[in-house]
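Below you'll find the structure, written out as structure tokens, and then a few comments.
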Amino acid sequence: MEMMLFLDLIMEAVKYVIAGYALFGRKVKTRHGLGIIVAACGIVFVGNIADSAGKASVLILPFFLIGLLITTDLSIKEGVIYACKLIFLIVCIDYVVAIFIKLATPFDNSAETKWLISSLISLFMYSCICLMRENEKIKNSRKMLALKKSVLYMGIVMLAATMPLTISGLSFLAERSGSPELIKWIQLLSAMSMISMVMLVMFVIYINDTNKKIKQYLEIERMLKENQRNYYEAMIQKDEDTKKFRHDVSNHMMCLGELAERGELREVKKYITEIQGELVKIQKRCYSVGNPIMDAVLNYYLPALHGDVEIKIRGYLGETLLISDVELCIIFSNMIQNSVEEIKKQHNANKYLKVKVRTGNEDVTIEVCNSAQGKKEKGKGNLPETTKEDRKNHGIGLKNIKEKVEKNKGIFSWESTAGEFGVKVILPLRARG
């Protein structure tokens, strides 16, 4: 029996080492020999004084706790939290495994044998998780991430389903016993369990909403970084073109002087028009309305339009908006993206995109209009139907704009005519002073 108990304790120590890496990604530092010595002394001590597997499993926990604190590079506070989480998870998993072993085993084994079988099964599970951690392809694959998410939600569903059944069973047993005190405690436990279920559901909803926001923020951050890079590239190109133009100014002046002396005014006008065209091209290298977020969005989407599209950017936003940069990016990028996508589908000659920014005393008005082929409509509450074939996954842009604007106490409106579609938003400014 003592030999079996010592074997159980050694297996338990190995299980804690492997489980630490499997569940939390933490490896035992081999240079911390003191922690290993503490665990070994604990095994020897508990093996000699414990007369049953139940007592041994409880007495060994303090030694493992100290060993875990010594063999990690965490602070005392973080180490205690880590060790407590690890011990709690291992104890819970062992309890579940022990129940399944008891149900699946037809013959009666000693407690030490059951403990050993439970440890072997747990070690196998943790070892599989460790192998998946080591394999980068498996660990970072979409299927594995989806599996983790499914297991998490499945566990929450099982918890929510089994808790009422457990409470109902306890209530039934309490009523059968006829003990008023027991019934009272069961009712109190039922109330606390129901409150816990409600809190669990609220927590899941909160986590789900937070994950969506984080994904949205990460996507916006990626887009802003790319926008910034494109903006700087456009600025560098504009500076390069300006230098070239300045270098050729003397030659242009010489040619104009020669044409003027000959009296060829028509050729002079034509030459000047061509020079003005070059200047417009240089000016269109980058767009600015005074706000870095809006500038980044403009310089990200507008270069995708061909030269036959007339682009007009008017206005300046020098004040600070009350809305956050992330939400401003969502609003303005959807406005511009929708317009650019609509223009790209058109085959007519008169294609254009107009952006107007007007700053008032308390708010700023942002209008984006583009050439379009639609019927005359106007609205504030209702949104126009999307013209894209995939109606389920499209038409979300205007909805996002409307939600973010109204969330920040702004005004959203849109208007569609036979040849134009426009969206206007009014956003409050931050109070001065």
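The values are calculated or read from the model by the stated rules, or taken from the named source; none is laboratory data. Nothing here was measured: the structure is a model prediction, and the numbers come from that model. Don't worry about glycine lacking a Cβ; one is built from the backbone with ideal geometry, like all the others, and counts go over all protein chains shown.
Quick notes on this structure:
- Identification of strands (runs of 3 or more DSSP E) wholly contained in region 328-418 with 1 or more residues that are basic (K, R), at pLDDT 80 or above and in contact with a Lys or Arg (Cβ under 9 Å, 6 or more places away or on another chain) yields 351-359.
- Residues in region 289-302 that are under 26 Å from A349 (Cα atoms) and without any contact (Cβ under 8 Å) to a residue 60 or more places away in the chain: 3 in all.
- Within region 143-158, no residue that is within 17 Å of V201 (Cβ to Cβ) sits with its Cβ atom under 7 Å from a residue that is not in a helix (DSSP H, G or I) at 6+ positions apart or across chains.
- Residue in region 23-41 that is modelled with pLDDT of 80 or more and among the hydrophobic types (A, V, I, L, M, F, W, C) present: yes
- Residues in region 303-334 that are under 26 Å from A349 (Cα atoms) and touching a residue at least 60 places away in the same chain (Cβ under 8 Å): P303, S333, N334.
- Boolean, T210 is in a helix (DSSP H, G or I) and closer than 30 Å to S333 by Cβ: yes
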